[in-house]
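Okay, structure first, notes after.
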Amino acid sequence: MSKVMIHPAGYHNVREAVDRAFELFPVPIAGRKVLIKPNALRASEAGEAVTTHPSVLRAVVEKVQTLSPASIVVGDNPGMFNYGANEETFTRTGLMEASLGRYQNIGLDSLKVDFNPDFMPAVSVSKIVMEADVVISLPKFKTHGLTVITGAMKNCYGYLPGAQKAMLHKAAGNPARFHEMLVDVYRLRVPDLFIMDAVVGMEGNGPASTELRDIGLILASDNGVAMDSVVAALMGCDPSRLRFLQKARELGLGDFDPGAIEVIGDLKPIPGFKLPPLGGEANIDNPHVQQLIESRVVLRPQADPELCTGCGTCVDHCPVSALSMKEAIPVVDPGVCISCFCCQEMCPEKAMALK
Ligand code: SF4
Ligand code: SF4
């Protein structure tokens, strides 16, 4: 039976929860090479809750330092296209300082490994991911328009440097296949320990929504499927409806069934938690949820002219060239767009929404 810890915490006392996580999930670390991977989606302020909070990273680095590892590397591959240029994200989010000198640009050195040929025959993975003896994943408690939640399993998407994330969005082509592809990325290297920042979470149209929620928790587990099941339950979403959890169970990676998970702490759904439009609401209320998730693909991005600065970032990052600038505002070709959410994720002004 998998275990998931739910521990009350604030950013001022997060170390207590981290110590408890290591007591419950004692990963052998002495003399081993450790990768600590926060969710560093993109350059943003820590208070925007787009990334793992630096207090959580700092507490984990401090803890691991006391356990005599051979080496510690802190790193992630943010965004979609910034191959080898990760420092800006780590610096602006405060994750660089919180790395206590252990930061490494893991996008600069990668290995080619076999992948599911339904999507791509091979992918390049940051070398340290494949070489680390221990991987500690630090996901953020957030919603995601395409996968409903972005938690333990989705955090592994950052194993892939550069444009491959967008290429896989394109290869997946629709939300159901995207869910399945995520599991294939997750199992490239299943992390040994997950410590999730759920002190301040994100609801609504994540993963870069402005709707934040004080939750006051740190979660931990040594099984990402079990952790994501608990995250879904906290968000008020039935985990059995999520295709990526179904596929993970089919592959023997864990179980989302509440009867197969020992929760250490208090699991109470967060009252009135806002799931993403369509994906989330469908998962709660509609028995034909998979069909509705499929229909997510009909959503198309629309820029808010009040917020859009015409910077062109979304146009540059669209993996299928579905966006072009018309009168200084991006316009989508609906016949080409694959609803991959990359433009919404990358817009620095939060001007892009899927409608
Ligand atoms: S990235 Fe955002 S601000 Fe820049 S052009 Fe696109 S919608 Fe406008
Ligand atoms: S327009 Fe946006 S949602 Fe559509 S394919 Fe391009 S990046 Fe993805």
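Read-outs throughout are calculated quantities, based only on the coordinates presented, and are distinct from any laboratory measurement. In this text, all values refer to a predicted model and were calculated from it rather than measured experimentally. Cβ coordinates were reconstructed from backbone atoms using ideal geometry, including for glycine residues, and neighbour counts include every protein chain displayed.
Taking 26 Å as the limit for the C-alpha separation, the pairs Lys268/Lys355; Lys37/Lys112; Lys142/Lys268; Lys154/Lys268; Lys3/Lys127 exceed it in the case of Lys268/Lys355; Lys3/Lys127. With a simple spin-label model that places each label point 7 Å from the Cα along the Cα-to-Cβ direction, the separation between Leu212 and Asp333 comes to 3.9 nm. In this Cβ point-charge picture (+1 for Lys and Arg, -1 for Asp and Glu), the chain has a dipole of about 380 debye about its Cα centre. Counting other Cβ atoms within 10 Å as a rough exposure proxy, the listed residues Glu97, Glu23 run Glu23, Glu97 from fewest neighbours to most. Full extension of the chain between Lys170 and Leu108 gives 20.0 nm of extra length, using 0.36 nm per residue less the Cα-Cα distance. For the chain, the mean residue ellipticity at 222 nm estimated from helices alone is -7500 deg cm²/dmol, where every DSSP H run of n ≥ 4 contributes -39500 (n - 2.57) and the total is divided by all residues, rounded to the nearest 500.
A simple spin-label model places the labels of Met325 and Ala260 5.1 nm from each other, with each point 7 Å out along Cα-to-Cβ. Using a cutoff of 8 angstrom between alpha carbon atoms and counting only pairs six or more residues apart, the relative contact order for the chain works out to 18 percent. Overall shape: oblate for segment 1-54, with the ratio a/c of the largest to smallest alpha carbon gyration tensor axis at 1.5 or above and b/c at least equal to a/b.
Suppose R0 equals 30 Å; then what is the FRET efficiency for Glu62 and Asp304 from their Cβ-Cβ distance, rounded to the nearest 0.05?
0.15
The spread of Cα positions in segment 2-291, taken along each principal axis and listed from longest to shortest, comes to 50, 42, 35 Å. In terms of surrounding Cβ atoms within a 10 Å radius of their Cβ, Lys350, Lys154 rank from fewest to most as Lys350, Lys154. Annotation for segment 40-83 versus segment 1-19: alpha-carbon center distance of 17 Å. Oblate is the label for segment 1-114, because the ratio a/c of its alpha-carbon gyration tensor axes (a ≥ b ≥ c) is 1.5 or higher and a/b is not greater than b/c.
Counting only Cα atoms, the size of segment 115-192 along its three principal axes is 34, 30, 18 Å, in decreasing order.
Cβ crowding within 10 Å, taken as a proxy for footprinting-reagent exposure, orders His317, His53 from fewest neighbours to most as His317, His53.
Distance between the 7 Å Cα→Cβ label points at Met1 and Asp19: 2.8 nm.
Of the beta bridges in the chain, as assigned by DSSP with both residues counted there, near 60 percent are antiparallel.
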